[in-house]
Amino acid sequence: MVRELATEIRQPSFLDEIIENVMVKNVKTVEVSAPLSECVKLMFDSKIGSLVIVQNGTPVGIFTDKDLVRAVASGAQDLGVNIANSMSKPLTTISSKAILMDAITLMGKLGIRHLLVVDSGRLVGIVSARDVFRLILSQQSLLLESVGEHLPVRTREQLRGLYTCLQDY
């Protein structure tokens, strides 16, 4: 009975959004045998921060911009080496039916910025800290629009300027 009352009192928020509605569905993947240079170029050209590494279509690792920095810092001079040498594993996954709060909690707890979305063993998407940030930013923009007229003009201008600066994040 207490739980039912709490549910009625608490208004749903964007944190209750289903992952399926937030995730990026067009996940860039490369085979485990791909050279590091090809992966870096694909990430650069696609303007993305990660690639899912697959072996015969099955995800086996992830390569992120953080992995690139780690590879360069550890002396990886040969960009022709296999991506397998630089990818992160094991993979952390979440269901498309989970809620955004679950993803945020998992990423925070594990100190990661990307979660693969997997249903029935099949890769269906990816959600990143950047995706979460953009969603939070859009919610803040909606809030600003709805209560903006009640804020001082200077505060409204500052918030709009901040929103504009962060849009491209």
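Give me the Kirkwood hydrodynamic radius of the range 2-133 in Å, from all C-alpha pairs, to one decimal place? List each step's numbers first, then the result.
On the way: mean 1/r = 0.0630 Å⁻¹.
Its Kirkwood hydrodynamic radius stands at 15.9 Å.
What percent does the relative contact order of the range 54-140 come to when contacts are Cα pairs within less than 8 Å and at least six residues apart?
Details: 75 pairs, mean separation 19.7, N = 87.
Value for the range 54-140: 23 percent.
Quick one: work out the % antiparallel among DSSP beta bridges in the range 2-133, nearest 5. Please report the intermediate quantities before stating the final value.
Values: 16 of 21 bridges.
Antiparallel bridges make up about 75 percent of those DSSP assigns within the range 2-133.
Can you list the residues, at least 5 places off or on another chain, whose amide H is less than 5 Å from the amide H of Lys28, using H built in the peptide plane?
Val52
Taking the Cβ of Ser88 as the centre, find all other residues whose Cβ is under 11 Å away and add up their charges (Lys, Arg: +1; Asp, Glu: -1). Spell out each step's value before the answer.
On the way: positive: Lys66, Arg70, Lys89, Arg113; negative: Asp67.
Result for the neighbourhood of Ser88: +3.
Any read-out appearing in this document is the output of simple, stated calculations on the displayed coordinates, not a laboratory observation. These numbers come from a predicted model, not from an experiment. Heads up, the Cβs are rebuilt from the backbone with ideal geometry, glycines too, and the neighbour counts pull from every protein chain shown.
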